[in-house]
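The values are calculated or read from the model by the stated rules, or taken from the named source; none is laboratory data. Just so it is clear, the structure is predicted and the values come from calculations on it, not from any experiment. Methodologically, a virtual Cβ is constructed for each residue, glycine included, from the backbone with ideal geometry; neighbour enumeration extends over all protein chains shown.
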């Protein structure tokens, strides 16, 4: 190869896109032709600059969360468009009716309660959705040392992830959520086929003792500890759910 | 197994095949729109479109498939919002007297700051900027770039060659304008 006007080939050579024979021909040419050798060196330096200058842009975690939520919403509305009846199991109507009833009830209550109840029903709705949409976990792993680091860079806090298998709660994984206008971690545990979602996010203020509630046939238990808000939700009975909160607060 | 199981499976498959390339999608949109908020709009539109058309995905390369959608969304956005995007800026920069400088371009390349390299890439016309990003930041092969840009391999090869030659000149121009400011 003696035609050094074929500039494109220099780049293909640099990018490892030439076959063996052509590469060897080009290398022979580079030995003889100082101009081309200089060009290759210069473009190699350019390519390395672009690569090593860390010029990639990172999407903000909040955007990532918003987008995930958006996609899930679209998924839900897609489902309903095709056939609401075919896609939803019978009990989802009960849940929907309960939601409506709850919304109606909420309306007449005072504002503070209104907000709290909204949060609770948002948490319950999230829990239900996690069971329905085959989207229980973003990271499916029973190892706390895999689940916890998975959240790094996706949330602006480190969620509490514990191995509770000795207390008969098996760690299933974790999931990103967007609740009450901010990013939240959902850690998923399993006890005798009952799924427990433990939602958590930073919340300033003093610690609060666990409070047990029931909403739409689910039990919830919320508490605050060390600047974090926690809410566990499940169809487990209240005693077993209290056991989980006691274990997590230890 | 009813239809609800199918759509759950769709979401799970989308998360496994497409979502891992979310960062690459955002990066491309961010570079092509040159704005953080526009990049979010474009990425969101592209991701939702990808989800909607995920049924047409035939198990090819998920990254190439997603980037094709992102790139098309970016081009539509550029055509609508920046019809004359930077071809003019570029010409102006290239017509500054290149020959007059005694310093070789590769020397400028060594001295340039990361910020100057970034600005130089931003000043590349879109069709050249995208191949530099896909090749040098995303490490796509020529064949993959040809798929994403829906162009023949030969076109990809000559675009990369031209893009790098422009980029080298632009970095030199960035350097020189800094040196002049200091004089």
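Exactly one residue out of B:135, B:162 is buried (at least 20 other Cβ atoms within 10 Å of the Cβ), assigned to a helix (DSSP H, G or I), at the interface with chain A (Cβ under 9 Å from one of its Cβ atoms) and touching a residue at least 24 places away in the same chain (Cβ under 8 Å), and it is B:135.
When the criteria are applied in full, residue B:114 fails the requirement of being free of Cβ contacts under 8 Å to residues at least 12 places away in the same chain and farther than 21 Å from residue A:48 by Cα.
So that you can scan it fast, the table gives a plain yes or no per residue for (1) within 11 Å of chain A (Cβ to nearest Cβ); (2) under 30 Å from residue A:131 (Cα atoms):
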{"site": "B:8", "(1), (2)": "yes, yes"}
{"site": "B:17", "(1), (2)": "no, yes"}
{"site": "B:31", "(1), (2)": "yes, no"}
{"site": "B:36", "(1), (2)": "yes, no"}
{"site": "B:40", "(1), (2)": "yes, yes"}
{"site": "B:44", "(1), (2)": "yes, yes"}
{"site": "B:47", "(1), (2)": "yes, yes"}
{"site": "B:54", "(1), (2)": "yes, yes"}
{"site": "B:63", "(1), (2)": "no, yes"}
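Only one of the numbered conditions (1) in contact with a strand residue (DSSP E or B) (Cβ under 6 Å, 6 or more places away or on another chain); (2) at pLDDT 90 or above; (3) within 18 Å of residue A:119 (Cβ to Cβ) is violated by residue A:177, and that is (2).
Taken over region A:140-155, the criterion of being within 14 Å of chain B (Cβ to nearest Cβ) and either surrounded by 18 or more Cβ atoms within 10 Å (Cβ to Cβ) or not in a strand (DSSP E or B) (or both) is satisfied by A:150, A:153, A:154.
Do the conditions hold for residue B:179, that is, is it surrounded by 17 or more Cβ atoms within 10 Å (Cβ to Cβ) and assigned to a helix (DSSP H, G or I)? Here the answer is no, as residue B:179 does not meet what is asked.
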